[in-house]
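Peer 1: One structure follows; several queries about it will come next.
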Amino acid sequence: MSTLTQDQHDKAVRFIATNRFPFPDQPAPSWPLHYRTYINTPTHPQIAIETPAGPHYPDIVIRDGSGRIREIGEVETDLDDPHLVARWAAASLAADDTTPTKARHLLIYVPQGREREAEALLETNAISYHALRGIRVAADGTVHVLPHKTLGNTKDHRPDSPPDVADDPVVEAIDDAAHDAVVRFLLAERFPFPGEGQETWPLDYHALANTRLHRRRPAVVAGEEVWPDIVVVDAADTIMKIGEVETEVGEASVARWRALSETVALEGHYEDPETGRPAKHFLLYVPAPLAEATRDLVARHGISCAGVRGYEVTRAGRVRLPVVLPPVVRDPA
């Protein structure tokens with residue numbers, strides 16, 4: 001009988017939240033710009049629903065701009081929890097019913113091979129749900145999402161199941177799809193880091209991605225709006241961190257980098273190992289072969305940067321960060 005470990009569960013939750021809420025190609029208004037995706041974790045319990053057993057924090061909660069819960073996603077490690085049905089029923093009632101069939105926006109993810117068992121529990125207990133999916137997490141951490149049943153909107157009935165790593169080469173040319181894959185990876189694995197506590201990622205921080213389909217939070221530079229790839233805001237909507245994913249690097253980027261660095265409010269925790277000076281929480285992600293040159297460029301122009309990371313992307317969108325360079329805070333050369 002298949003189950004998920006806690007680590008596999010957590011990996012799946014992060015992947016699903018950043019790759020399917022919304023889908024990469026899902027535009028507004030299908031996914032409204034005011035929707036926000038929240039992940040509840042032991043270190044960051046954010047949004048609860050009421051159940052007969054007391055407050056419960058679903059794995060994934062979608063709220064709209066008014067604070068209303070719209071969608072809920074639950075990733076199960078097993079189906080042996082005595083409160084499982086009650087949790088699902090409460091989550092169903094907490095979600096909206098705006099699907100074409102009026103099925104409620106509850107999405108259930110269970111270990112691959114347990115889909116029919118979960119389906120029987122849902123239908124026997126008359127729980128309205130949008131979708132039921134199987135989940136498998138490979139040894140290398142790749143998450144496979146396998147559609148089983150979709151009752152709310154059939155266009156959501158699609159898998160995420162990349163080929164084996166051996167059959168998935170690294171791409172040399174970074175196109176828009178590869179760039180966006182890096183952004184989603186960073187949202188899942190770096191903003192915040194898995195297990196990062198509230199002392200470095202306060203409960204009111206929220207990471208927003210600006211994509212080709214969803215521009216959510218600009219940085220205002222010299223009176224004009226600039227759209228960084230990742231913006232982290234606090235409850236007052238102050239920009240605390242910025243992550244910028246570049247496909248090319250050159251002098252033409254320097255003015256924008258400087259402006260974005262100066263826009264960030266948070267400074268400290270990261271320090272330049274040579275000068276000991278605290279860095280702004282502005283991070284640059286560039287193709288791995290360009291990482292060293294990027295850090296040199298940042299240092300030469302006196303831009304405060306919490307670190308330069310070199311990435312690589314595979315044909316199927318897997319992302320790795322083989323180059324991690326330290327913070328840099330220098331006076332301009």
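Peer 1: Kindly put D10, D25 in sequence by how many other C-beta atoms sit within 10 Å of each C-beta, fewest to most. Intermediate values should be presented prior to the final figure.
Peer 2: Working: D10 20, D25 10.
By the 10 Å Cβ count, ascending, the order reads D25, D10.
Peer 1: Here is a further query. Semi-axes of the equivalent ellipsoid for segment 77-180, please: Cα gyration tensor eigenvalues, times 5, square-rooted, ordered largest first, whole Å.
Peer 2: After diagonalising the Cα gyration tensor, the semi-axes are 31, 18, 11 Å.
Peer 1: Arrange the following residues from fewest to most other Cβ atoms within 10 Å of their Cβ: S2, S261. The partial results should precede the final answer.
Peer 2: Working: S2 12, S261 24.
Fewest-to-most Cβ neighbours within 10 Å comes out as S2, S261.
Peer 1: In addition: Assuming R0 = 22 Å, what is the FRET efficiency of A259 and D234, from their Cβ-Cβ distance, to the nearest 0.05?
Peer 2: Between A259 and D234 the formula returns 0.65.
Peer 1: Follow-up question, since we're still on this one. With label points built 7 Å along Cα→Cβ from the Cα atoms of V226 and H214, find their separation and express it in nm.
Peer 2: 2.4
Peer 1: Express the C-alpha Rg of segment 6-161 as a ratio against the empirical globular expectation 2.2 N^0.38 Å, rounded to two decimals. It would help to have the intermediate numbers written out before the result.
Peer 2: Numbers: Rg = 14.4 Å, N = 156, 2.2 N^0.38 = 15.0 Å.
Its radius of gyration relative to the 2.2 N^0.38 Å reference: 0.96.
Peer 1: Here is a further query. Over the alpha carbons of segment 107-235, what is the largest minus smallest coordinate on each principal axis, giving the biggest first in Å?
Peer 2: That gives 59, 39, 32 Å along the principal axes, largest extent first.
Peer 1: Give me the number: length gained by fully extending E292 to E196, i.e. 0.36 nm times residue separation minus the C-alpha to C-alpha distance, one decimal in nm. Mind dumping the intermediate values first?
Peer 2: Working: separation 96, 0.36 × 96 = 34.56 nm, distance 2.71 nm.
Going from the current span to full extension adds 31.8 nm.
Peer 1: Over all directions, the average projected area of the alpha-carbon convex hull for the chain comes to how many nm²?
Peer 2: So the mean shadow area of the Cα hull is 17.6 nm².
Peer 1: I need two numbers for segment 182-222: Rg to one decimal and Dmax as a whole number, Cα atoms only, in Å.
Peer 2: Using the Cα atoms of segment 182-222, the pair Rg, Dmax is 12.2, 37 Å.
Peer 1: Now, a different point. Using alpha carbon coordinates only, what is the Rg to Rh ratio of segment 194-289, with Rh defined as the Kirkwood radius?
Peer 2: In segment 194-289, Rg relative to Rh is 0.96.
Peer 1: Classify segment 128-171: rounded, prolate or oblate, from the alpha-carbon gyration tensor (a ≥ b ≥ c, eigenvalue square roots; a/c under 1.5 rounded; otherwise prolate if a/b is larger than b/c)?
Peer 2: Prolate is the answer for segment 128-171, as a/c is 1.5 or above and a/b outweighs b/c.
Peer 1: Also, quick follow-up: What spacing in nm lies between the two simple spin-label points modelled at E251 and A28, each 7 Å away from Cα in the Cβ direction?
Peer 2: 3.7
Peer 1: Compute the distance from the alpha-carbon center of segment 50-72 to that of segment 79-119, in whole Å.
Peer 2: That distance is 13 Å.
Peer 1: Related question: Place +1 on the Cβ of every Lys and Arg and -1 on the Cβ of every Asp and Glu in segment 42-137, take the dipole about the Cα centre, and give the residue among L132, T77, G54 whose Cα lies farthest towards its positive end.
Peer 2: L132
Peer 1: Report the full-extension gain for the segment D175 to M1: residue separation times 0.36 nm, less the Cα-Cα distance, to one decimal in nm.
Peer 2: 58.5 nm
Peer 1: To continue, here is another question. Cβ under 12 Å from L84's Cβ, L84 left aside: what net charge do those residues give with Lys, Arg +1 and Asp, Glu -1?
Peer 2: Working: positive: R87, R114; negative: E74, E76, D78, D80, D81, E117.
That works out to -4.
Peer 1: What value, in deg cm²/dmol to 500, does the helix sum -39500 (n - 2.57) over DSSP H runs of n ≥ 4 give at 222 nm once divided by the residues of the chain? Please report the intermediate quantities before stating the final value.
Peer 2: Working: 6 runs with 70 residues, N = 333.
That calculation yields -6500 deg cm²/dmol at 222 nm.
Peer 1: Oh, and also: Set the Förster radius R0 to 30 Å, insert the Cβ-Cβ distance between D140 and E119 as r into 1/(1 + (r/R0)^6), and round the FRET efficiency to 0.05.
Peer 2: 0.55
Peer 1: Please compute the length gained on full extension between V324 and L93, using 0.36 nm multiplied by the number of residues separating them and subtracting their Cα-Cα distance.
Peer 2: Full extension from V324 to L93 adds 78.7 nm.
Coordinate-derived values only; no laboratory data. Here the structure is a predicted model, which means the values were calculated and not measured. Positions of Cβ are generated from backbone atoms using ideal geometry, with glycine treated the same way; all protein chains shown enter the neighbour counts.
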